[in-house]
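Working notes, beginning with the structure itself.
What follows is calculated from the coordinates using simple rules that are stated; it is not laboratory data. A quick note: this is a predicted structure, and the numbers were derived from the prediction, not measured. With ideal geometry, Cβ positions are generated from the backbone for all residues, glycine too; neighbour counts draw on all protein chains shown.
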Amino acid sequence: MRDTTHALLARRTSGVLLHLTSLPGRHGSGDLGPAALHFLDWLASAGQSIWQILPLTPPGAGHSPYQSPSAFAGSPWLVDLDDLIACGWLALPENPDFDARHCAFERVMPYRLAALRAAWQGFQARAGDGERAALADFSQRHAAWLDDYARFMVLEARFGTPWTQWSAPLARRDPQALRALQDEAATELGFWRFVQWRFEVQWQRLRQAAHARGIHIVGDAPIFVAHHSADVWAHADQFLLDADGEAQVVAGVPPDYFSATGQRWGNPLYRWDAMAQDGYRWWQQRLAHLLSQVDLIRLDHFRGFEAHWEIPASAPTAEGGRWCPGPGGDFFRAMGDALGPLPLIAEDLGIITDAVTQLRREGGFPGMRVMQFAFGDTAANPYLPHNFEPQTVAYTGTHDNDTTVGWWQQAGDAERQAARHYLGPLADVEIHWAMVQSLSQSVAHTLVVPFQDVLGLDGRHRMNTPGQAEGCWTWRFEWAQVDNTPAARLAAMARAHGRAG
């Protein structure tokens, strides 16, 4: 086993899972503004040393951060508008009446886009020489991905269709057509670079504030990218596409706990053989970029690196797919050679074989254990805390699960009875705290609790339902919902179970 464990994962710690869009804020969704700093203060008061987030990239279909138009760009909808006001580039009118506990993306995104465009106009009119130089420097340093992302966003707005339906010269990235675009759309291209610059400035400011409080950020890297994305458009030869750029096969998983028909994600699959020829360079750049933003990476769908579920693009569900080999240890050796020790958490949920477990252990990566999966069979269930190994990241649930209170309300009699026997009488009173306490006492080095479970919220506050295309990712909270008790209880557990400091 290679010793790639990040120092944080080698000691006993705990933290909270909360995506930035769920934070309070006056602009319709959470962002990188004051509420994020306040949440860092709350984490510190709770004795926590980890903040786990979902992907920072722009959301795509269904507003999912796992279907992004870019694997590199920061979400424009996370940019703190109040910071742009403070810079003197934006004067916002009175805010629309946004729902404080729900992100109505269909209203929030146009509002935020209009504000960002107004800020770009303000920057062009009033920015100082130092600010213009900082934007130019950022644009040059990140040109390898930023130029294609900016072009993609301009062309997406122009055509309003998937990239395969753009005019042929642009869809196929004819050099002359791209040069013409650079001239005719210079201002619009500049806008998208400006937005990414402000995202990066604000994000690094927040990350520094986290480190000052002893808090590390766990980011998220989805294994696949959206077909309609700057990445697939710019690197079509790296994906299993036909001559017209359309996917021949798509990603997903077979029937499992979450869905009787499996999950048809629809992402194009990689040409791992083509990627191997240049040492998986696109992946090297992607992980290096993310590691410049976060301290640890939750590598989504880890089992896909050993074998992935290949579904015919014409199939309506995932049932008719097949397992195909992934790049295996060759991929992680290449990443380690290029980037050094990899601070990764392997999301090894679902159908896990001995080969997947061996691949994870060879890489030295901790796996994940979700306690909501623990009560379906016998005492040998790997999700029960007494079966954990120290190199484990333990969760009550993830963003794909119901809240723990919601799970308890929907659980069958056998599951509830098994949980009562395991967790004791607290299960019937506060199932969420019963689970958190059991996990915190376990040998697992790392514990992460969704914020909904910290607050004891029911299934109405669930973040995502796998396989459901609409209505997910919208949950938000207000500080009025957060009294002093949750932080005090987490802090007491962290001290008692050796997870503090």
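The fewest-to-most ranking of Leu269, Leu447 by surrounding Cβ atoms within 10 Å reads Leu269, Leu447.
Can you give me the relative contact order of the chain as a percent, contacts being Cα pairs under 8 Å and 6 or more apart? Relative contact order here is 21 percent.
Each residue of the stretch 225-236 is assigned a 3J(HN,Hα), and the resulting list reads 10, 6, 4, 7, 8, 4, 5, 6, 4, 7, 9, 4 Hz, derived from the Karplus form 6.51 cos²θ - 1.76 cosθ + 1.60 (θ = phi - 60°), x at Gly and Pro. The residues neighbouring Val249, those whose beta-carbon lies less than 14 Å from its own, together hold a net charge of 0 under the Lys/Arg +1, Asp/Glu -1 convention.
In percent, rounded to a whole number, the relative contact order of the stretch 360-488 is 27, using alpha-carbon pairs under 8 Å and six or more apart. Bridges between two residues of the chain, per DSSP, are antiparallel at a rate of about 35%.
Put a plus charge on the Cβ of each Lys and Arg, a minus charge on the Cβ of each Asp and Glu, and nothing anywhere else: the dipole of the chain about its Cα centre is then about 920 debye. Rounded to the nearest 10 degrees, the angle from helix 485-496 to the longest Cα principal axis of the chain is 70 degrees. Since only Pro175, Trp77, Pro34 are under comparison, the one whose Cα sits farthest along the positive direction of the charge dipole of the chain, derived from C-beta charges on Lys, Arg, Asp and Glu, is Pro34.
List the relative contact order of the stretch 143-195 as a percent without decimals, with contacts defined as Cα pairs under 8 Å and 6+ residues apart. The value is 44 percent. Taking Lys and Arg as +1 and Asp and Glu as -1, the other residues whose beta-carbon sits under 13 Å from that of Ala212 total +2.
Residues of the stretch 310-345 falling in the label zone of Thr353, defined by backbone nitrogen less than 13 Å from a point 7 Å along Cα to beta-carbon, are 310, 322-328. Give the shape of the stretch 411-501 as rounded, prolate or oblate, defined through the alpha-carbon gyration tensor: a ≥ b ≥ c are the square roots of its eigenvalues, a/c under 1.5 means rounded, and otherwise the shape is prolate if a/b is larger than b/c and oblate if not. Cα axes put the stretch 411-501 in the oblate bin.
Helix 354-363 and the long axis of the chain differ in direction by around 70°, with both axes built from C-alpha atoms. Residues Cys87, Cys103, ranked from the fewest to the most other C-beta atoms within 10 Å, line up as Cys87, Cys103. When percent of Cα pairs over 46 Å apart is calculated for this entry, the matching label among (1) 14; (2) 19; (3) 9 is (3). The Cα atoms of the stretch 58-147 give a gyration tensor whose axes a ≥ b ≥ c have a/c of 1.5 or more with a/b no greater than b/c, which makes the shape oblate.
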